[in-house]
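Peer 1: One structure coming up, written as structure tokens, with questions to follow.
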Amino acid sequence: MSERRPAEFHPETIAAAYGVASDTAFGAVAPPLYLSSTYEFAGFEEPRTYDYGRVGNPTRDLLAEAIAKLEGGAGAVVTPSGMAALDLLIGRLAVGSLVLAPHDCYGGTMRLLNARAQLGQIRRALVDQSDMEAFEAQLRDHPALVLIETPSNPLLRVVDIAMLSARARNAGARVVVDNTFLSPARQQPLSLGADYVLHSTTKFLNGHSDVIAGAVIAAEAQEVKALKQWANVTGAIAAPFDCWLTLRGLRTLFARMAAQERNAMLIAERLRIHPAVARVHYPGLVDHPDHVLACRQQSGFGAMMSFELVGDVPAVKRFVRAVRGFTLAESLGGVESLVAHPATMTHADMGPEARANAGICDGLLRLSVGLEHIDDLVAGLEAGLQAAEG
């Protein structure tokens, strides 16, 4: 398992208590929510710590500090969405800069990269990052930014963050790792050599499917300063109430992740032996091709998985009509269990050719495993699988 950087407190303590009892006005235990858009100056040419809400907000800053500490970073910027977080990085690149991304990256990421490339603002290249020869060949084109998603969405492929980061750095590139699927409770990419960590905080960090937001964490203080300045320029900042809700969700991150992961492992083992299932994608299974690597760079396997049904689309249709306990919906990481069909939902915009290149077949379903009782989840899946068999 990966080593953690030294910290004043354990990560569980940071998540549960960072900012608690810090209110100097009234001694509130829970950090207050600051909704003000503007702040009074102490006098002429005497701004206080905060002067305007786009530049800074106490609630947003508290969340950013907590997330940065969990990731072992120098600081963070909280954005209106995960896509805004990625665009905050891309938007600072010089015109014509090359972004090197995984061939099986998240559909929304692919959409953003394609849109920026079509406008002539960046160049983008896709590569199988488990193929080191192909990765090295792309590095010879001198990318400015290398994007890593591990585990990948939706096939849960795991790539070597330390190796990719070292080789990218030797080529003069910066590295950003999307850590949405595992959260800092299970993986810390900065300790493995990444320059930035990216989150859709909508997912596991918030954990309750009631906020859209994102975050970028940087390893270096100067990069944090530059990102904050760019967020002020572009207005890519999260609303205070969304930050307050996310901080409240963060309090239970480690407890939620542990319980959801236990459920996920049991479900993966059941799916692996079911006759209606052709293949299960979950790095916690010992026969997963990336299991050993996942054990080395992660501290757990998370609550996301995908599986392929025998019978393709007709079986998928029968499954989603009959399954219980899993809601057919996009997104992930909440306390409730969800099922998604990537080909027609999260990755529909990729198109059939790109999906085929990424290995996303029409019979693939993605699960986000929640906190329900495992017996209910297993029974609900069994109902769907029986229907899928026809």
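Peer 1: On average over all directions, what projected area in square nanometres does the range 337-387 have, based on the convex hull of its Cα atoms?
Peer 2: Computed as one quarter of the Cα hull surface, the answer is 4.0 nm².
Peer 1: With the contact rule set at Cα under 8 Å and sequence spacing of 6 or more, what percent relative contact order holds for the chain?
Peer 2: 18 percent
Peer 1: OK, next. Can you divide the C-alpha Rg of the range 254-388 by 2.2 N^0.38 Å and report the result to two decimal places?
Peer 2: Here the answer is 1.00, to two decimals.
Peer 1: Sticking with this one: Using only Cα atoms, tell me the angle between helix 374-388 and the longest principal axis of the chain; keep it within 0 to 90° and round to the nearest 10.
Peer 2: That helix lies at roughly 50 degrees to the long axis.
Peer 1: Then there's this: Tell me the net charge near Val20. Cut-off is 14 Å between Cβ atoms, Val20 excluded, with +1 for each Lys or Arg and -1 for each Asp or Glu.
Peer 2: 0
Peer 1: Let me know the charge dipole size of the chain about its Cα centre in debye, to the nearest 20, where only the beta-carbon of Lys, Arg (+1) and Asp, Glu (-1) is charged.
Peer 2: 220 debye
Peer 1: If you don't mind, another one. In straight Cα distance, which lysines are under 28 Å from Lys317, not counting same-chain residues fewer than 8 positions off?
Peer 2: The reachable lysines, counting only those whose Cα sits under 28 Å from Lys317, are Lys203.
Peer 1: Past the 21 angstrom mark, what percentage of all C-alpha to C-alpha distances in the range 112-257 do you count?
Peer 2: Tail of the P(r) past 21 Å holds 51 percent of the pairs.
Peer 1: Where in the chain is the longest stretch that carries no chymotrypsin sites (Phe, Trp or Tyr not before Pro) classed as loop by DSSP and with at most 10 other Cβ atoms within 10 Å?
Peer 2: Answer from the scan: 45-390.
Peer 1: Further question on the same structure: Cross-link candidates for Lys225: which lysines have Cα within less than 19 Å, leaving aside residues fewer than 8 places away along the same chain?
Peer 2: Counting by Cα, and skipping residues close in sequence, Lys225 has these lysines nearby: Lys69.
Peer 1: Can you say what percent of the DSSP beta bridges in the chain, counting only those with both residues inside, are antiparallel? Round to 5.
Peer 2: 55 percent
Peer 1: Counting only DSSP beta bridges with both residues in the range 121-224, tell me the antiparallel percent, nearest 5.
Peer 2: Rounded to the nearest five, the antiparallel share is 35 percent.
Peer 1: I would also like to ask the following. Roughly what angle does helix 161-170 make with the longest principal axis of the chain, taking Cα atoms, 0 to 90 degrees, to the nearest 10?
Peer 2: 60 degrees
Read-outs throughout are calculated quantities, based only on the coordinates presented, and are distinct from any laboratory measurement. As the structure is a computational prediction, the values presented were derived from the model and not from experiment. Note: ideal-geometry Cβ built from the backbone for every residue, glycine included; neighbour counts use all protein chains shown.
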